[in-house]
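Have a look at the structure below, then the notes.
The values are calculated or read from the model by the stated rules, or taken from the named source; none is laboratory data. Remember, it's a predicted structure, so these values are computed and weren't measured experimentally. Neighbour counts run over all protein chains shown; Cβ positions are idealised from the backbone, glycine included.
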Amino acid sequence: MFTPKIRFIVMSDIHVKSEKDCKELARLKKGLASAYRYAESCDYNKIDAFIAVGDFANSGAEQEMLNFKEVTDTYLKPETDMTLSLASHEYHGDGGEDAAKEKLKRIFGMHYDAHKVINGFHFISVSSTRGCNFDEPQIEFAQKALAEAAQDNPDAPIFFFQHPHISDTVYGSINWGDDALYPTLMNYPQVIDFSGHSHAPINDPRSIHQKHFTSLGTGSLSYFELDEFDKYYGTVPPDKENCAQFYIVEADADNRVRILPYDILTDNFFPCIREIEKPCEPDTFVYTDKRYLTAVKPHFADSAKVWTEKTDDGVQITFNQAEIAEDMVNDYKVVVRDADNRIVKQLAVWSGYYLYNMPETVSVPVTNLKAGKYTAKITASGFWHNESDNALSIEFEV
């Protein structure tokens with residue numbers, strides 16, 4: 001039986017614009033309303049805190065912050081504490097970092113770094129500096145706050161928030177991370193760290209990571225970007241705009257934690273609740289790199305089909321999604337060979353797993369082909385380099 005002692009919302013990379021009809025403001029309103037609707041359906045019916053982990057304003061303009069405040073003033077209930085951290089986008093405005101800190105104080109009445117105790121749990125939020133970096137003042141603040149939190153209750157989770165990921169933790173942290181806080185955080189296994197910056201999807205199982213402590217990427221309400229560089233369209237998928245995700249986090253009196261990823265666009269929880277039974281003990285961690293040792297592979301069903309349609313300079317290949325018993329299919333590799341069996345194209349494409357309603361088929365354009373006969377082979381991969389043993393193939397002519 002899990003009975004929450006605390007419940008809070010975590011969002012990041014909301015990117016509110018100055019225009020009051022921007023999609024991000026609409027998604028923020030809908031997300032907050034959905035969170036309260038969920039809470040009110042539970043025996044413990046409160047939302048105790050709302051945390052936005054940086055880039056809540058798109059360019060740091062005052063009107064963006066005022067728009068954000070208008071929504072939170074309207075939609076957050078009085079018992080819901082709010083914490084905001086600053087990062088790269090808030091610093092883009094006139095006056096840079098100093099002006100952003102002044103606006104945070106004047107508009108929201110907040111300091112840029114915070115250490116709070118809510119329902120007996122410690123919340124520590126640290127704003128970055130020089131864009132998305134951490135220097136000695138931020139590190140010293142984190143060290144002091146963490147030491148106080150651990151002394152108060154060494155077995156309880158410490159909820160820690162900063163905008164850039166901690167390097168080499170969650171998906172997206174290689175390209176969008178900073179390592180300056182790592183030596184401090186790793187002394188506190190009970191830390192549950194929430195970070196943003198990458199816009200990587202929160203339903204990706206790699207967006208939770210455990211090693212010395214627990215890390216979670218917090219997604220975005222604006223657009224997706226992913227952290228693999230071989231896709232034919234780059235790191236930003238064509239359906240990037242269909243991105244509006246956040247977490248509802250709960251902890252109970254036994255220090256157990258549940259993290260529920262939510263999709264605002266469809267008003268659904270993703271079917272991947274993250275559960276941390278004993279945050280203070282790394283030997284109990286389950287979201288570790290050992291997941292890369294999985295034996296579960298995707299496979300194409302016997303009924304799966306692949307077909308082509310001619311384009312001006314090649315073809316578009318379309319195929320049914322593969323299946324997998326755990327997690328989801330991450331991506332597909334398409335290898336095109338000519339009549340002499342030489343590779344002429346290698347393409348990769350995501351499955352669209354980051355959408356609550358994944359597409360049933362995937363399409364890949366194969367362009368700049370000379371006239372002739374070709375064969376295409378399609379293989380599927382999960383998140384852990386677990387490639388399908390079977391493949392789809394098709395012969396076509398240009």
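What the table below lists for this structure:
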{"item": "Only listed residue being at negative phi and in contact with a helix residue (DSSP H, G or I) (Cβ under 8 Å, 6 or more places away or on another chain), chosen from Lys23, Lys69", "result": "Lys69"}
{"item": "Leading residue by the ranking (farthest from Gln151 (Cα to Cα)) among those in segment 180-229 that are hydrophobic (A, V, I, L, M, F, W, C) and touching a helix residue (DSSP H, G or I) at 6+ places or on another chain (Cβ under 8 Å)", "result": "Leu221"}
{"item": "Positions within segment 36-87 being in contact with a strand residue (DSSP E or B) (Cβ under 6 Å, 6 or more places away or on another chain) and among the acidic types (Asp, Glu), in sequence order", "result": "Asp48, Glu64, Asp81"}
{"item": "Residue in segment 344-353 that is on the phi > 0 side of the Ramachandran plot, touching a residue at least 24 places away in the same chain (Cβ under 8 Å) and under 21 Å from the mean Cα position of the chain (by Cα) present", "result": "yes"}
{"item": "Criterion: under 16 Å from Trp350 (Cβ atoms) and buried (at least 22 other Cβ atoms within 10 Å of the Cβ) - qualifying residue of Pro238, Pro201, Pro205", "result": "Pro201"}
{"item": "Residues within segment 42-81 that are among the acidic types (Asp, Glu), free of Cβ contacts under 8 Å to residues at least 60 places away in the same chain and either under 21 Å from Phe160 (Cα atoms) or not assigned by TED's automatic domain parsing to the domain that holds Ala26 (or both), tallied", "result": "2"}
{"item": "Residue check for Pro137: closer than 20 Å to Asp113 by Cα and assigned to a strand (DSSP E or B)", "result": "no"}
{"item": "Selection status of Lys46, touching a helix residue (DSSP H, G or I) at 6+ places or on another chain (Cβ under 8 Å) and modelled with pLDDT of 95 or more", "result": "yes"}
{"item": "Single residue of segment 219-232 satisfying the filter (touching a residue at least 24 places away in the same chain (Cβ under 8 Å) and either outside the structural domain of Leu28 (by TED's automatic domain parsing) or out of contact with any His (no Cβ under 9 Å at 6 or more places or on another chain) (or both)) that is surrounded by the most Cβ atoms within 10 Å (Cβ to Cβ)", "result": "Asp227"}
{"item": "So Ala87, is it buried (at least 19 other Cβ atoms within 10 Å of the Cβ), in the same structural domain as Ala61 (by TED's automatic domain parsing) and assigned to a helix (DSSP H, G or I)", "result": "no"}
{"item": "Those strands (runs of 3 or more DSSP E) lying entirely in segment 214-316 with at least 2 residues of a type in the set (Asp, Glu)", "result": "245-252"}
{"item": "Cβ-Cβ under 6 Å pairs, at least 6 apart or on other chains, segment 279-301 side over 13 Å from His212 (Cβ atoms), far side of a type in the set (Ser, Thr, Tyr)", "result": "Lys297/Ser388; Pro298/Ser388; His299/Ser388"}
{"item": "Residue in segment 168-181 that is nearest to Ser198 (Cα to Cα), counting only those that are surrounded by fewer than 16 Cβ atoms within 10 Å (Cβ to Cβ) and modelled with pLDDT of 95 or more", "result": "Asp168"}
{"item": "Which listed residue, of Glu70, Glu19, Glu64, is among the acidic types (Asp, Glu), part of a loop (DSSP other than H, G, I, E, B) and either more than 22 Å from the chain's Cα centre (by Cα) or within 18 Å of Phe123 (Cβ to Cβ) (or both)", "result": "Glu19"}
{"item": "Every residue from segment 373-391 that is out of contact with any Ser or Thr (no Cβ under 8 Å at 6 or more places or on another chain) and either part of a strand (DSSP E or B) or modelled with pLDDT under 95 (or both)", "result": "Lys373, Tyr374, His385"}
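Residue-wise test of (1) in a helix (DSSP H, G or I); (2) more than 25 Å from Gly60 (Cβ to Cβ).
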| site | (1), (2) |
| --- | --- |
| Lys116 | no, no |
| His122 | no, yes |
| Lys144 | yes, yes |
| Ala156 | no, yes |
| Pro164 | no, no |
